[in-house]
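Here is the structure we will look at.
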């Protein structure tokens, strides 16, 4: 009987965690034609109400800092950079850094809440507000039809208030991460002068046919 009571108490205690709200960081998807091309991949944060940090929380508990680490396959990426964009572009960070290592790049920003409040929209439609962008140049070896995955590091990625006293992480179950990808499309073959001429003749023929039967 006591064992059953303890199990029930444990289940009840776990209920809030099961329905716990979470903010979301999302990497966008992008497509590019050909190899050695450069493409921009947007990065978003969705400020969900009811989390420890957010625009719905009192002063001192807003999302004013983030550390976002993106992992990528080194064989597919020739160069990559990570900069502010969207709602953070016009702001002035108190601290900013973008450390990188092979297969990984981060963007770390801290903003003063009193002078540079990040203007999140609470419960904005997914994926939320854009806060950054990845500038990616693909390697010449990437073949058409391939997909280059971009993932968020669950250990290093987090949100926090300006002071760093309150954080949201995957481990704390109040932050969700969604990865993205770059799709490499095959280039459309260009028509030769002869092919363009034949296409023009065909279009003229279709026009004459339509005019005669619907005139």
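Readers should treat all values here as calculations from the given coordinates under stated rules, not as data from a laboratory. Owing to the predicted nature of the structure, the values given are computational and were not obtained by experimental measurement. Positions of Cβ are backbone-derived with ideal geometry, glycine not excepted, and every protein chain shown enters the neighbour counts.
The length gained by stretching the chain between residue 155 and residue 83 to full extension, at 0.36 nm per residue less their Cα-Cα distance, is 23.9 nm.
May I ask you to work out the translational diffusion coefficient for segment 20-214 at 20 °C, viscosity 1.002 mPa s, via Stokes-Einstein with Rh from the Kirkwood sum over Cα pairs, reported in whole µm²/s? D = 113 µm²/s. Among 152, 177, a tally of other beta-carbon atoms within 10 Å of each Cβ gives an order, fewest to most, of 177, 152.
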